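The values are calculated or read from the model by the stated rules, or taken from the named source; none is laboratory data. Since we're looking at a predicted model, the values are computed, not measured. Cβ sites come from the backbone with ideal geometry, for glycine too, and all protein chains shown count toward neighbours.
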Amino acid sequence: MKALFHFSPGAALQARLAAIASPRIAVVDQRDEAGFAREIADCEVLLHVLTPVTAAMIAMAPKLRLIQKVGVGVNTIDRAAAEKAGIAVANMPGTNTAAVAEHTLTLMLATLRRVAAFDAATRAGRGWQIGVEDAIGLGEIGGSRIGFAGYGGVPQRLTPALQALGAEVCFWNRSPRPDAIATALPFDELLATSDILSLHLPLTAETRQMFDRARIAQLKKGAILINTARGELVDQAALAEALLSGHLAGAGLDVFAREPMTEPGPLAACPTLVATPHVAWLTPQTFERSLAVALENCRRLETGEPLLHQIAPEAAA
């Protein structure tokens, strides 16, 4: 069996994949379109990370049997085209929860304490010239209300840590969470009262652009918005306006509406934005957990056993 890992790995990761006896894993940089077309032609498994899997890409792969998402969200896969071609789609929930939770907390703290701005000023020799008013930061986790829009694995993992730091943790979720140790609130109340609002929702037809100009205006003045979920949950132009006007004090984003973000968009002009390039999930530990699931599904594909975490066809979902 041959699988294709479609990402931009370093030397250590390439060596790790090369050491695997079965399946044989070809590695193609996500920017190498010719290499992808060449290698996918005889692959049975595509290990998909970030680059969207389009109908055209699926058409290049007559032997493809499984698109294995390395992560959770399958919104980057043309599932209708996969279903039409008889290709299974699977993801791996839980493998990146710890990493994303830690990165979410990192963005909260970096935004609150203006880490990026202070780093740049200090490197430029201007760190000690910053006035007290500018250096004072935006506040502390302790004493703040942290709101989670969506209350899955990442918020649940973060809640005890935030409470230990002295935060009041609240959430809104589409379905009840009776065992939650945080406080459930109506959606509008969560938006209006959270000092930090962190997004943890899947991207669906209902949630796409959920945080548009009107919703962003509902957020508490001086609040911070964090997004480590999906970029298209947020109207980025409206967010930039809210940051530049001062309605929002800051934002920490790991995800964007268009990825990779190769050209500066409206958010690039926002000095109170902390941005990372969709790396919240990316740790050695996450990769090893993900690789274990991927290899198990390759084994199951060969033996005909039910796949782990197979996604139901869209018509049945």
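I need the full set of residues from segment 142-157 which are touching a strand residue (DSSP E or B) at 6+ places or on another chain (Cβ under 8 Å) and hydrophobic (A, V, I, L, M, F, W, C), in order please.
If the condition is that a residue be touching a strand residue (DSSP E or B) at 6+ places or on another chain (Cβ under 8 Å) and hydrophobic (A, V, I, L, M, F, W, C), then Ile146, Phe148, Ala149 are the ones that fit.
Inside segment 294-313, can you point out the residues that are out of contact with any strand residue (DSSP E or B) (no Cβ under 8 Å at 6 or more places or on another chain) and either surrounded by 12 or more Cβ atoms within 10 Å (Cβ to Cβ) or assigned to a helix (DSSP H, G or I) (or both)?
Leu295, Glu296, Arg299, Arg300, Glu302, Thr303, Pro313
Within segment 87-94, is even one residue loosely packed, with under 15 Cβ neighbours inside 10 Å and part of a strand (DSSP E or B)?
No, segment 87-94 contains no residue that is loosely packed, with under 15 Cβ neighbours inside 10 Å and part of a strand (DSSP E or B).
May I ask you to say which residue of Gly35, Gly10, Gly73 is free of Cβ contacts under 8 Å to residues at least 60 places away in the same chain, among the small types (Gly, Ala, Ser) and surrounded by fewer than 16 Cβ atoms within 10 Å (Cβ to Cβ)?
Gly10
Given the conditions (1) without any contact (Cβ under 8 Å) to a residue 40 or more places away in the chain; (2) part of a helix (DSSP H, G or I); (3) surrounded by fewer than 22 Cβ atoms within 10 Å (Cβ to Cβ), report the number of the one that Ala98 does not fulfil.
Against the list (1) without any contact (Cβ under 8 Å) to a residue 40 or more places away in the chain; (2) part of a helix (DSSP H, G or I); (3) surrounded by fewer than 22 Cβ atoms within 10 Å (Cβ to Cβ), Ala98 comes up short only on (1).
Counting only residues that are over 26 Å from the mean Cα position of the chain (by Cα) and charged (D, E, K, R), which one in segment 101-150 is modelled with the highest pLDDT?
The qualifying residue modelled with the highest pLDDT is Arg123.
Return the total of residues in segment 212-234 being in a loop (DSSP other than H, G, I, E, B), touching a helix residue (DSSP H, G or I) at 6+ places or on another chain (Cβ under 6 Å) and under 30 Å from Arg31 (Cβ atoms).
1
Looking at Ala117, Ala121, Ala135, Ala149, can you tell me which residue is over 21 Å from Thr276 (Cα atoms) and in the same structural domain as Val169 (by TED's automatic domain parsing)?
Within the list Ala117, Ala121, Ala135, Ala149, the selection yields Ala135.
Of the numbered conditions (1) of a type in the set (Val, Ile, Thr); (2) in contact with a Leu (Cβ under 7 Å, 6 or more places away or on another chain); (3) outside the structural domain of Ile20 (by TED's automatic domain parsing), Thr262 satisfies every one except a single condition; which is it?
So Thr262 meets the others, but not (2).
Look through Pro155, Pro176 and report the one residue that is farther than 22 Å from Thr272 by Cα and assigned to a loop (DSSP other than H, G, I, E, B).
Pro176
Are any residues in segment 1-40 of a type in the set (Gly, Ala, Ser) and either part of a loop (DSSP other than H, G, I, E, B) or closer than 28 Å to Gly304 by Cα (or both), and if so, which ones?
Scanning segment 1-40 gives Ala3, Ser8, Gly10, Ala18, Ala19, Ala21, Ser22, Ala26, Ala37.
So Cys43 clears everything in (1) under 22 Å from Glu302 (Cα atoms); (2) in contact (Cβ under 8 Å) with a residue 24 or more places away in the chain; (3) not in a loop (DSSP other than H, G, I, E, B) except one condition, right? Which one?
(3)
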